[in-house]
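Everything on this sheet refers to the single structure shown next.
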């Protein structure tokens, strides 16, 4: 991340404005690269901004655990060694953050949710993802399946850094990045949708970047 | 009747105003003071800040907050902007924005980190880097109103060339005590070696805790945490320590 | 130097600023200064002016946390035509007003 000016506090939800806006001569903002197809309202970045709603949890791999809990209360857990023993994939995906940056062709290693959920019996249609530190986010269960989502633990050939969600984060790149919960520790399967941290404060329940579903009502 | 007596009460809601750059001057190799004319500016208190909004031709828009550097002066205000390499906004403001150019701003805002001339207790100002800006507004208001309230400024910068408002702070200003400290390199023969803020920097005669000064601390979050901890350890009451931190935002 | 759990040794930076950063965004909604309003944490019971909150602004919205226990006190999200303000972490807010 870049450093600070004066007390230059960034409004992270940059916006695209029309109508009465006063244009500041010569202000170009983010440099755009149009080689890639951008979802509406997004611009391209090559760095990896750190967005955080709270202190970065320090999660020891020895104590790390991922738990899937179904609507009946059945629990399926994996510790770090068990996760590492599962077959992994190395997806290369594009990331789209609701704060308007998109980053293309990012390289990850992780375990597909298809593998983790294979033996889970459920009638649930929704998932509420829980993180160390208390963050939550919701999405339809089907969006975690069919090769669309991973528990990722390596990025760019290195162990996932804590500020990017290490030791492991959810990766659901076809939705806005706030759905890809950092520091993931659990997935709760639910019959009824339950809004997560940002979804209960104005952000969209689904968050498809190609339909620009940023806020409730979009 | 009330409606007629207070026309546009709802219009007092914070709104964006258009400002025009009237003048600019360098403060350090990396910082410029920008002087704006803001029609309808309502005046402000020392320590308050504004939000600045920049919009590009293609509609892209972004915001930053800046502390007001100047004492109230009609519809004219001053900001001091330090350029951050690779920043999105600060290089534009510090280097490109030309006299006559427009931007949008709203404010003034903030009522906690302010100094009012009617405050009579001594004041201890602790600045880290460009955290000096809102504290400079307090120094300027004190001078403008002829206040005799004792002020003490402790100003920490990396190196001599990073200091802001050097000439103004060198001038005689009765009742304003100034201490400069350097974290990386000092001027020649400087008595204090380069290094981070310590309790000793905050203790010399001037503002001991038993005089119950109000302390204003502004700087990057790490600096403010350190300074506030030191002040509490020295015996300053936590409710007399006012802080303003700036975080890891993109300049 | 005191140890602060919020300090990020990975980046050498603190990820938060403070409640002064909420002055502009909240002044769109409130007619009096929000930063000097007094609140009380529903988690640990500590009291503070909103200016003392630890504010995480590098996120989809603003998150204000208790400076003593890190519980979420408020969240503020602004879309182009709406604002969402969630104050679940404070018992009440006290505003000083003129006569």
Can you tell me how many residues in segment C:14-31 are more than 8 Å from chain B (Cβ to nearest Cβ) and more than 14 Å from residue B:51 (Cα to Cα)?
2
Out of (1) in a strand (DSSP E or B); (2) at the interface with another protein chain (Cβ under 8 Å from one of its Cβ atoms); (3) modelled with pLDDT under 90, what's the single condition that is false for residue C:55?
(3)
Please go through segment B:44-79 and give me each residue that is surrounded by fewer than 24 Cβ atoms within 10 Å (Cβ to Cβ), away from chain A (no Cβ under 14 Å), more than 16 Å from residue B:104 (Cα to Cα) and in contact with a strand residue (DSSP E or B) (Cβ under 8 Å, 6 or more places away or on another chain), ordered by number.
B:44, B:45, B:71
I'm checking my understanding of the structure. Among residues of segment B:83-94 that are at the interface with chain A (Cβ under 7 Å from one of its Cβ atoms) and outside any loop (DSSP other than H, G, I, E, B), which one is surrounded by the most Cβ atoms within 10 Å (Cβ to Cβ)?
B:90
Taking segment B:173-195 and keeping only residues that are part of a loop (DSSP other than H, G, I, E, B), in contact with a helix residue (DSSP H, G or I) (Cβ under 8 Å, 6 or more places away or on another chain) and crowded, with 16+ Cβ neighbours inside 10 Å, one is left with B:173, B:186
Only one of (1) surrounded by 19 or more Cβ atoms within 10 Å (Cβ to Cβ); (2) farther than 20 Å from residue A:80 by Cα does not apply to residue A:125, and that is (1)
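What is the residue count in segment A:172-189 for residues that are in contact with a strand residue (DSSP E or B) (Cβ under 8 Å, 6 or more places away or on another chain) and surrounded by fewer than 18 Cβ atoms within 10 Å (Cβ to Cβ)? Working first, answer last.
Initial filter on segment A:172-189 (in contact with a strand residue (DSSP E or B) (Cβ under 8 Å, 6 or more places away or on another chain)): A:172-173, A:175-189.
If we keep only those that are surrounded by fewer than 18 Cβ atoms within 10 Å (Cβ to Cβ) too, we end up with none.
Matching residues across segment A:172-189 total 0.
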Got at least one residue in segment A:38-58 being outside any helix (DSSP H, G or I), free of Cβ contacts under 8 Å to residues at least 40 places away in the same chain and either out of contact with any helix residue (DSSP H, G or I) (no Cβ under 7 Å at 6 or more places or on another chain) or at positive phi (or both)?
no
I'm checking my understanding of the structure. Among residues of segment B:23-43 that are part of a strand (DSSP E or B) and over 18 Å from the mean Cα position of the chain (by Cα), which one is surrounded by the most Cβ atoms within 10 Å (Cβ to Cβ)?
B:37
Suppose we keep only residues that are assigned to a loop (DSSP other than H, G, I, E, B) and without any contact (Cβ under 8 Å) to a residue 40 or more places away in the chain within segment A:195-215. Which one would you say is farthest from the other protein chains (Cβ to nearest Cβ)?
A:208
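Among the residues of segment B:120-147, how many are in a helix (DSSP H, G or I) and away from chain A (no Cβ under 14 Å)?
Residues flagged as in a helix (DSSP H, G or I) and away from chain A (no Cβ under 14 Å) within segment B:120-147 amount to 7.
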Away from chain B (no Cβ under 12 Å), modelled with pLDDT under 90 and not in a helix (DSSP H, G or I): does that describe residue A:18?
no
Residues in segment B:95-119 that are surrounded by 15 or more Cβ atoms within 10 Å (Cβ to Cβ), away from chain C (no Cβ under 14 Å) and farther than 19 Å from residue B:55 by Cβ total 1
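Looking at residue C:38, is it more than 7 Å from every other protein chain (Cβ to nearest Cβ), within 27 Å of residue A:213 (Cβ to Cβ), surrounded by fewer than 24 Cβ atoms within 10 Å (Cβ to Cβ) and modelled with pLDDT of 90 or more? Spell out the reasoning first.
Details: more than 7 Å from every other protein chain (Cβ to nearest Cβ): yes; within 27 Å of residue A:213 (Cβ to Cβ): no; surrounded by fewer than 24 Cβ atoms within 10 Å (Cβ to Cβ): yes; modelled with pLDDT of 90 or more: yes.
Here the answer is no, as residue C:38 does not meet what is asked.
Rundown of residues vs (1) without any contact (Cβ under 8 Å) to a residue 24 or more places away in the chain; (2) out of contact with any strand residue (DSSP E or B) (no Cβ under 6 Å at 6 or more places or on another chain), yes/no style:
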{"position": "B:147", "(1), (2)": "no, yes"}
{"position": "B:158", "(1), (2)": "no, yes"}
{"position": "B:175", "(1), (2)": "no, yes"}
{"position": "B:184", "(1), (2)": "no, yes"}
{"position": "B:189", "(1), (2)": "yes, yes"}
{"position": "B:241", "(1), (2)": "no, no"}
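The values are calculated or read from the model by the stated rules, or taken from the named source; none is laboratory data. These figures come from a predicted structure and were not determined experimentally. Virtual Cβ from ideal backbone geometry, glycine too; neighbours counted across all protein chains shown.
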